[in-house]
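Working notes for the structure below.
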Amino acid sequence: MPRCGFRAVQGAGSVLAMPKTTDLTAITAITAIKCYAVPQTLAEITRLLATGNATMFAGGTDLMLQTRSGIKEFRSVLVNINRVGALKGISRADGFIHIGALTTISEILQSPLLREKAKIMVDTADRFASGQIRNSATVGGNLCNASPAGDMAIPLLLLDAELELGSVSGGNLNRRTLPLDDFFLGPGKTRLDLNEVLISVRFEVPRGDFVARFEKFGTRPAMDISVVSVGVAGRREDGALRDVRVAFGAAAPIPLRGKKTEAAIEGRLLDGETISAAARLASEEISPISDVRGSAWYRRRLMMTLTGRLMQDVR
Ligand SMILES: Cc1cc2nc3c(=O)[nH]c(=O)nc-3n(C[C@H](O)[C@H](O)[C@H](O)COP(=O)(O)OP(=O)(O)OC[C@H]3O[C@@H](n4cnc5c(N)ncnc54)[C@H](O)[C@@H]3O)c2cc1C
């Protein structure tokens, strides 16, 4: 039962009964939640964050479990960002696909645009948790939670995605972009500043010859945190892959690109020799830990098998 987050949902009920405020002067540095804020704009969110006393939640599927288990503490203002329209929607403009940070995993799964142009996003969403969790869990929360095993980072690394971040200073809303590849610093740690919110994720509309595959291994096909996950992508050309991208999850302190494995695949005929050499490199270039889900040795073996399998699949 605790795994499904039921007790966390009960906890959320008591939070909703708290007074609402956007009055920043009322906010003091205390650890328990004192008020519940429902900003309507990006500027309001970032002003609340700039006080240093705010905890932001989107779907709450990570946050509620982390606060219940004591991994994280709520700050005094609980900021529900779900009313901010600027964080929502999947669209195509200027050669890019933009995915708002509040886009849920279910919305990714149901997006005709992603299904047509970046199916790897849909395929990954299809392996993510259960219907109930997918309806609440957001892509922004998945990235900002910065779990080494966060699934959505893998297809987005393959798509060479950039993040649009926003903050307020001197009354102005500032936006900056950051490659996803530079975003993660360690488990639970990112380059987000204290007063910054993730607005959206964007990537170039993939070309027609772009292929990408995702695979994860858990003790169940979905509804489980990955023991390892891997993605392989590139442009198919004369039996080889060009512009190769490989990404690993649950295999290091952060989700990351496998640059050595990419180099071993780039432009080479995808025959048995290339595939076994690249799969071996994948198992060598990761730095997994041993934990309750599997030993480091087991993760390396899994990574070799899954990478080999994906390469067979893309050729
Ligand atoms: C039963 C269960 C199964 C799960 N299965 C999977 C799975 O298969 N794969 C997987 O990857 N994950 C899984 N998860 C983890 C979780 O559902 C995801 O990580 C989810 O995407 C987090 O999104 P959220 O909107 O719920 O984030 P929240 O819990 O609301 O927030 C997570 C963190 O991100 C921050 N945050 C949220 N939005 C923003 C933003 N726009 N800007 C800046 N910071 C922000 C919050 O402040 C918080 O620190 C599972 C969780 C459960 C409970």
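The values are calculated or read from the model by the stated rules, or taken from the named source; none is laboratory data. If you're wondering where the values come from, they're calculated on a predicted model, not measured in any experiment. Note that each Cβ is placed from the backbone with ideal geometry, even for glycine, and that neighbours are counted across all protein chains shown.
Taking the numbered list (1) among the hydroxyl-bearing types (Ser, Thr, Tyr); (2) within 13 Å of the ligand (Cβ to nearest atom); (3) modelled with pLDDT of 95 or more in turn, Ser226 passes all entries but (3). Would you check if Gly186 is loosely packed, with under 14 Cβ neighbours inside 10 Å and without any contact (Cβ under 8 Å) to a residue 12 or more places away in the chain? Criteria not met by Gly186. Looking at (1) under 18 Å from the mean Cα position of the chain (by Cα); (2) not in a strand (DSSP E or B), which is the only condition Phe214 fails? In the conditions (1) under 18 Å from the mean Cα position of the chain (by Cα); (2) not in a strand (DSSP E or B), Phe214 misses (2) alone.
Remark: pairs (first residue in the stretch 56-73, within 22 Å of Thr46 (Cβ to Cβ); second residue more than 6 Å from the ligand (Cβ to nearest atom) and assigned to a helix (DSSP H, G or I); Cβ separation under 6 Å; 6+ apart in sequence or on different chains) = Lys72/Gln66. Scanning the stretch 149-182 for residues that are within 12 Å of the ligand (Cβ to nearest atom) and either surrounded by 24 or more Cβ atoms within 10 Å (Cβ to Cβ) or assigned by TED's automatic domain parsing to the domain that holds Ala233 (or both) gives Gly150, Asp151, Met152, Ala153, Ile154, Pro155, Leu156, Leu163.
For the condition more than 9 Å from the ligand (Cβ to nearest atom) and either among the aliphatic types (A, V, I, L, M) or within 20 Å of Ile199 (Cβ to Cβ) (or both), what is the one hit in Ala129, Ala125? From the options Ala129, Ala125, the qualifying one is Ala125.
Among the residues of the stretch 193-201, are any small (Gly, Ala, Ser), over 29 Å from Ala264 (Cβ atoms) and touching a residue at least 60 places away in the same chain (Cβ under 8 Å)? Looking for residues that are small (Gly, Ala, Ser), over 29 Å from Ala264 (Cβ atoms) and touching a residue at least 60 places away in the same chain (Cβ under 8 Å), one finds at least one in the stretch 193-201, hence yes.
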